[in-house]
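S.K.: Input: one structure, supplied below.
No value in this document is a laboratory result; all are computed from the given coordinates. All figures in this text were calculated on a predicted structure; none of them were measured in a lab. Heads up, the Cβs are rebuilt from the backbone with ideal geometry, glycines too, and the neighbour counts pull from every protein chain shown.
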Amino acid sequence: MHADPAVEVTALVKRYGDKTAVDGLSLTIARGTVTAVLGPNGAGKTTTIETCEGYRRPDAGTVRVLGLDPVARAAQLRPRIGVMLQSGGVYAGAHALEMLRHTARLYAHPLPVGPLAERLGLDSCGRTPYRRLSGGQQQRLALAMAVVGRPELVFLDEPTAGLDPQARRATWELVTELRAAGVTVVLTTHQMDEAEQLADEVAVVDRGRVIAQGSPDALRGTEARLRFDGPPALDLAPLRKVLPDRAVVTETAPGSYRVEAELDAALLAAVTGWCAEAGVMPDRLAVQRRSLEDVFLDLTGRDLR
Ligand code: ATP
């Protein structure tokens, strides 16, 4: 793998008037990986991505994309990156396929337009003017335009927002193939399952900064919940004694028990061992690891932005 990162953002600040949209954000993205940038509405994701694409100039901090300054070196960078914007940026009267062909001609070694249009279900609406395409078709066209030039790096801003399940799946397959071909993919999403499915690395952005970064698995951690049902009002003191100090044991409803702890096989054995001692059959015993959504809500809070 290439040692230099694909994207290196250091202490980026971006303001709109007196509103600070990005507030000292740092982020490193390795080549050949898929990174999902998550964050509440207005967290600064799109602003950061647009700065990486060279559409916005940093107020402070530095941005390097494939080692280049995306504003000063835009001419060198543009042929090497693919960009899918959240909305628009296209001439609304143009036909879908015409636009894709036009974009393909800007690159030295584009993908064949026909097969790409077909796999994204755009062949049937090829002669439809852009403004008459459905939202999902516009979205798929934008994705096709981002990848048609065989870029080394693609930025996808909410690539599957508003897509039907078929198109969402086709998009996921395309991202997986890009990764297999060594392309670096940076995407924003509000769909936690999408991040879990696609991303090697997740960066959580809140109030203009990265507040957590790691693989989905690492972010979910080893903390888990173990639940089981049994007779109500069991004496839990002996169970607490055989569990690590940090484990929290509660009867959440009469006869429903929950153990929250760093989970490993020894802990599971301790709980079932105690059940055996106490003559309790742990009914519907289940282990639940924290989901990425749990982690996200813990990190960013539950208030609407
Ligand atoms: P979302 O998940 O809703 O797409 P985001 O994380 O992509 O949000 P940004 O679009 O980067 O967030 O917006 C960050 C902040 O900057 C928001 O408060 C937004 O209102 C503000 N903002 C974004 N673009 C502009 C602009 N052109 N002029 C003024 N304020 C802007």
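S.K.: What trypsin sites (Lys or Arg not before Pro) in region 79-161 are in a loop by DSSP, with at most 14 other Cβ atoms within 10 Å of the Cβ? Walk me through the numbers on the way to the answer.
M.R.: Working: sites: ARG80, ARG101, ARG105, ARG119, ARG127, ARG131, ARG132, ARG140; in loops: ARG127.
Listed in order of number, the matching sites are ARG127.
S.K.: Now for a separate question. Could you list which residues have their amide H under 5 Å from that of ALA30, counting only those 5 or more apart in sequence or on another chain, with H placed in the peptide plane?
M.R.: Result for ALA30 returns ALA6.
S.K.: For the modelled label position 7 Å from the Cα of TYR107 along Cα-to-Cβ, which residues of region 114-151 have backbone nitrogen atoms closer than 18 Å?
M.R.: Those under the cut-off are 114-123, 139-151.
S.K.: Can you find, among VAL249, ALA203, LEU219, the residue farthest towards the positive end of the dipole of the chain? Put +1 on the C-beta of Lys and Arg, -1 on that of Asp and Glu.
M.R.: ALA203
S.K.: Calculate one ³J(HN,Hα) per residue across region 10-27 by plugging θ = phi - 60° into the Karplus curve 6.51 cos²θ - 1.76 cosθ + 1.60, and present them in order as whole Hz with x for glycine and proline.
M.R.: Those phi angles translate into 10, 6, 5, 10, 9, 10, 10, x, 9, 8, 8, 7, 10, 10, x, 7, 10, 7 Hz.
S.K.: Moving on. Based on alpha-carbon centroids, what's the gap between region 1-26 and region 244-272 in Å, whole number please?
M.R.: 42 Å
S.K.: List the residues whose amide H sits under 5 Å from the amide H of ASP69, counting only those 5 or more places along or on another chain, with H placed 1.01 Å from N in the peptide plane.
M.R.: Result for ASP69 returns nothing.
S.K.: Turning to a different aspect of this structure: Report, for the chain, the % of DSSP beta bridges that are antiparallel, rounded to 5.
M.R.: Details: 37 of 54 bridges.
Antiparallel bridges: around 70 percent, rounded to the nearest 5.
S.K.: Something else: Just tell me, in residue order, which DSSP H segments of the chain are both 15 angstrom or longer along the helix axis (alpha-carbon based) and at least 0.0 in mean Kyte-Doolittle hydropathy. Show your work: numbers first, answer last.
M.R.: Numbers: long enough: 135-147 (19 Å, 0.25); 165-180 (22 Å, -0.67); 265-278 (20 Å, 1.40).
In the chain, the long hydrophobic H runs are 135-147, 265-278.
S.K.: Between TYR16 and ALA60, what length comes free when the chain is fully extended (0.36 nm per residue of separation minus the Cα-Cα distance, one decimal in nm)?
M.R.: Working: separation 44, 0.36 × 44 = 15.84 nm, distance 1.29 nm.
Residue separation times 0.36 nm, minus the Cα-Cα distance, leaves 14.5 nm.
S.K.: Order these by the 10 Å Cβ neighbour count, fewest first: THR250, THR188.
M.R.: On the way: THR250 11, THR188 24.
Ascending Cβ contact count within 10 Å gives the list THR250, THR188.
S.K.: When a footprinting reagent is the concern and you count Cβ atoms within 10 Å, what order do LEU304, LEU27, LEU263 take, fewest first?
M.R.: Values: LEU304 6, LEU27 22, LEU263 19.
Going from sparsest to densest Cβ surroundings: LEU304, LEU263, LEU27.
S.K.: Under 5 Å between amide H atoms, partner at least 5 residues away or on a different chain: which partners does VAL154 have, H built in plane at 1.01 Å?
M.R.: Residues meeting the criterion, in which the H sits 1.01 Å from N, are GLY82, THR184, VAL185, VAL186.
S.K.: Can you compute the charge dipole magnitude of region 223-263 about its Cα centre, using +1 on each Lys and Arg Cβ and -1 on each Asp and Glu Cβ, nothing else charged? Give it in debye, rounded to the nearest 20. Before the final figure, lay out the partial values.
M.R.: Values: 6 positive and 7 negative charges, 4 e Å.
For region 223-263, the charge dipole is close to 20 debye.
S.K.: What list do you get for THR300, THR128 if you sort them by fewest beta carbons within 10 Å? Please list the in-between numbers first.
M.R.: On the way: THR300 19, THR128 16.
With the fewest neighbours first, THR300, THR128 line up as THR128, THR300.
S.K.: Further question: Among residues other than ASP298 whose Cβ falls under 14 Å from its Cβ, what is the net charge (Lys/Arg +1, Asp/Glu -1)? List each step's numbers first, then the result.
M.R.: Working: positive: ARG220, ARG225, ARG289, ARG290, ARG302; negative: ASP206, GLU223, GLU260, GLU293, ASP294, ASP303.
Residues close to ASP298 contribute a combined charge of -1.
S.K.: Using the Karplus curve 6.51 cos²θ - 1.76 cosθ + 1.60 with θ = phi - 60°, work out ³J(HN,Hα) for each residue of region 204-216 in order, rounded to whole Hz, and write x for Gly and Pro.
M.R.: 9, 10, 9, 6, x, 9, 7, 9, 7, 8, x, 5, x
S.K.: Need the list of lysines near LYS45 for cross-linking: C-alpha distance under 16 angstrom, and skip anything on the same chain fewer than eight residues off.
M.R.: Straight-line reach from LYS45, under 16 Å: LYS14, LYS19.
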